[in-house]
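Working notes, beginning with the structure itself.
The values are calculated or read from the model by the stated rules, or taken from the named source; none is laboratory data. Given the structure is predicted, the values throughout are model-derived calculations rather than measurements. Neighbour counts are summed over all protein chains in view; Cβ atoms, including those assigned to glycine, are modelled from backbone coordinates with ideal geometry. We work out accessible area using only protein heavy atoms, side chains counted, and drop any ligands, DNA or RNA first. Shrake-Rupley method; radii C 1.70, N 1.55, O 1.52, S 1.80 Å.
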Amino acid sequence: MTILNKKTIEDIELSNKKVIVRVDFNVPLNSDGEITDDKRIKGALPTIKYLIENECKVILVSHLGRPKDGFEAKFSLKPVAKRLSKLLKQTVIMSNDVIGDDAKKKAASLKEGEVLLLENVRFHKEEKKNDKAFAKELANMADIYVNDAFGTSHRAHASTAGIAEYLPAVCGFLIKKEIEIMGKALKKPTRPFVAILGGAKVSDKIGVIENLLDKVDSLIIGGGMAYTFLKAKGYKIGASLCEEDKIDLAKELMAKAEAKDIEIMLPIGSIVAKEFKNDTEFKYVPSDAMPDGWMGVDIGSLTIEKYSNEIKKAKTIIWNGPMGVFEFPNFAKGTSEIAKAVSQADAISIIGGGDSAAAIEILGYANKVTHISTGGGAALEYLEGKTLPGIDCLLDKVPKKMVIAGNWKMNKTPTETYDFITDLKEKVKGVYDDVICAVPSVCLCEALKAAKGSNIEISAQNLHYEKSGAFTGEVSASMLSDLGIKYVLVGHSERRQYFNETDESVNKKAHAAFKHGIIPIICVGESLFQREKGVTNDLVSYQVKFALKGLTEEQVKNTIIAYEPIWAIGTGKTATSEQANDVCAVIRNVVVGLYGKQAGKAIRIQYGGSVKPANAYELFNMSDIDGGLVGGASLKISDFEAIVNYEK
């Protein structure tokens, strides 16, 4: 995910609707329970006011602090309701619970333009567990879900992601701004593009560095993490912070940068201190003359000058992490001067949340930079190129993504599976379309483990329609659902041919899959004999009708159908793009006839007959083909990567 492709509150009809909004009101409070900084509340105002203007009944959901076990008065959102009432100049109704009788009663009686704030959602342990029943209770209070809490979007919690399974889900103005600005900087930066990374540990920024090495022109490194890099270069670093187990990694990252002709800039001198406190003895030393027993706590003046000159040349800047121990006034100069340089640069300047955002605010430069992210952890994961669950769950602005699935059949061991997907996920990171690997049953756990946190989904290759019983060698939909599987192949030609799969069993499997929250990829297609007899359209139409029998319109909209001409699988023969598209158009027309135009538009239809790097682009640009079910080419990383990146 790079540039926003999600629907916003401006893309759907909201008038008179009951809208539940996830906001981030996790504001700081003093010992008297008073709000000391209301920026996060103010950040949500544009979305809330827009909903009020559209006569919506607004229900707000947020967390505050880290309550451990149920209700704790010090974490109540009552101070927030009071402050928000002043900012909106209208009374904000406050419930005494989250999904209890009081919340439900107040939500049910809301009038157009009124605002209800639920009590702290983290008073329920089910929130962080993304409990489905809890998410459904939240959803039952509203018609539409809006996520406007970027700072929690990297968490798959009930109020950030789970609720989107039960309501149409879009984003608010705050998330729209975050993703559009950062997304453009990452995908289409105005150059030179300079990234500034600081903070204590290399381990916290590994993913960010690796992702940015493919995008930036230069990378400035400061803070404690710089000393791991300096030691990797062979310098003595005294008692400075160093992750010994990351030295080899630092060497690898510097080698990668050199190979890409990207400069990694490190401190040429540091302010070093005797002890880790503000009033200790300190002095300046060059990076190659660090004395024993002294620790680096800030960048020196020559480094400030060098870094500032690089920043002045930039047209796009991303900064995440301080240059030194910013919380100690004696060692805040490096961060202060870099903040000043960023604020004065003639560039798009983005501050990636956390300590660097706090520094910009404290130093008074907030109105002199393009954007300050509201999410520390979320911004960091976004810069790493990770998928953010709270945004990924929202409705796509583009109605459909292509769906490219690799069917491995009976190939690869669990170990080979883990290694393959671990390698693959780096090569398809940031791809907009849905990428799926359908692996053998014994490989599912390793596949899920390897794909975690990436944009790759895992599919099973088959299931049994019964929940349990004497079916030796089979797996049920409930078993797959418990693992976390989201897709399953149903009715593949080889199962029809070798295992007597019937249209009736395909239909039963589709129902079983949906019952347990799994999307079926239903395979249909004809043999060479049937094609030569001219019955392709009639046969495929019949297969589709039987497979979809009894499914709801919403289920059909989520279904994937894979047209796989059996005669083109493993024979060396390939349907032309026009032939493939003609049959896919027949399938779509069948769906329209059964469920209407919206279902026909929403359902995704793959082509599955010998998809290769050489023909993927042409196939995937046909009018009725929405992706591919890839066989042999999915077993080789270079081939599958090329197919997934077909637009390149």
- Query: Inside region 499-518, can you point out the residues that are buried (at least 21 other Cβ atoms within 10 Å of the Cβ) and in contact with a helix residue (DSSP H, G or I) (Cβ under 7 Å, 6 or more places away or on another chain)?
  - Reply: Val506, Asn507, Ala510, Ala512, Ala513, Ile518
- Message: Among (1) in a strand (DSSP E or B); (2) surrounded by fewer than 21 Cβ atoms within 10 Å (Cβ to Cβ); (3) not aromatic (Phe, Trp, Tyr), there is one condition Lys312 misses while meeting the rest; what is its number?
- Response: (1)
- Query: What are the residues in region 623-641 that are open to solvent by less than 10 Å² (accessible area, probe 1.4 Å) and closer than 16 Å to Tyr432 by Cβ, if any?
  - Reply: Gly627, Gly628
- Query: Taking region 10-33 on its own, how many of its residues are among the acidic types (Asp, Glu) and surrounded by 15 or more Cβ atoms within 10 Å (Cβ to Cβ)?
  - Reply: 1
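Among the candidates Ala405, Ala358, which residue alone is modelled with pLDDT of 95 or more and among the small types (Gly, Ala, Ser)? Write out each step before concluding.
On the way: Ala358 fails: modelled with pLDDT of 95 or more.
Selected residue: Ala405, the only one of Ala405, Ala358 that is modelled with pLDDT of 95 or more and among the small types (Gly, Ala, Ser).
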- Item | Residues satisfying the stated conditions in region 573-607, i.e. open to solvent by less than 10 Å² (accessible area, probe 1.4 Å) and touching a residue at least 60 places away in the same chain (Cβ under 8 Å) | Ile587, Gln606
- Task: Could you grab me the full set of residues in region 250-272 that are of a type in the set (A, V, I, L, M), touching a strand residue (DSSP E or B) at 6+ places or on another chain (Cβ under 8 Å) and either modelled with pLDDT of 95 or more or part of a helix (DSSP H, G or I) (or both)?
- Result: Leu253, Met254, Ala257, Ile264, Met265, Leu266, Ile268, Ile271, Val272
- Out of the residues in region 296-309 that are surrounded by 24 or more Cβ atoms within 10 Å (Cβ to Cβ) and free of Cβ contacts under 8 Å to residues at least 60 places away in the same chain, state the one that is nearest to Gly364 (Cα to Cα). Asp298
- Query: What number of residues within region 291-326 satisfy the criterion of being within 24 Å of Leu383 (Cα to Cα) and of a type in the set (Asp, Glu)?
  - Reply: 1
- Task: Return yes or no: is Glu337 open to solvent by 10 Å² or more (accessible area, probe 1.4 Å) and part of a helix (DSSP H, G or I)?
- Result: yes
- Message: Lys129 - would you say it is touching a His at 6+ places or on another chain (Cβ under 9 Å), surrounded by fewer than 17 Cβ atoms within 10 Å (Cβ to Cβ) and farther than 28 Å from Asp11 by Cβ?
- Response: yes
- Message: Looking for something open to solvent by less than 20 Å² (accessible area, probe 1.4 Å), touching a residue at least 24 places away in the same chain (Cβ under 8 Å), closer than 25 Å to Ile206 by Cα and not in a helix (DSSP H, G or I) - is there at least one such residue anywhere in region 276-289?
- Response: no
- Which members of region 152-179 meet the condition of being outside any helix (DSSP H, G or I), of a type in the set (A, V, I, L, M) and open to solvent by 10 Å² or more (accessible area, probe 1.4 Å)? Ala156, Ala161, Leu167
- Considering residues of region 205-235 that are among the basic types (Lys, Arg), in a loop (DSSP other than H, G, I, E, B) and closer than 20 Å to Gly296 by Cβ only, the residue most open to solvent (accessible area, probe 1.4 Å): Lys233
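For residues in region 169-220 being among the polar types (S, T, N, Q) and modelled with pLDDT under 90, which is farthest from the chain's Cα centre (by Cα)?
Going through the qualifying residues, I end up with Thr190.
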- Here the qualifying pairs (Cβ atoms under 7 Å; residues six or more apart or on different chains; first in region 535-562 and without any contact (Cβ under 8 Å) to a residue 12 or more places away in the chain; second charged (D, E, K, R) and not in a strand (DSSP E or B)) come out as none
- Query: If you go through region 131-148 one residue at a time, do you hit one that is part of a strand (DSSP E or B) and touching a Phe, Trp or Tyr at 6+ places or on another chain (Cβ under 9 Å)?
  - Reply: yes
- Query: Based on what the data block shows, is Ser343 hydroxyl-bearing (Ser, Thr, Tyr), over 23 Å from Leu213 (Cα atoms), open to solvent by 20 Å² or more (accessible area, probe 1.4 Å) and at pLDDT 95 or above?
  - Reply: no
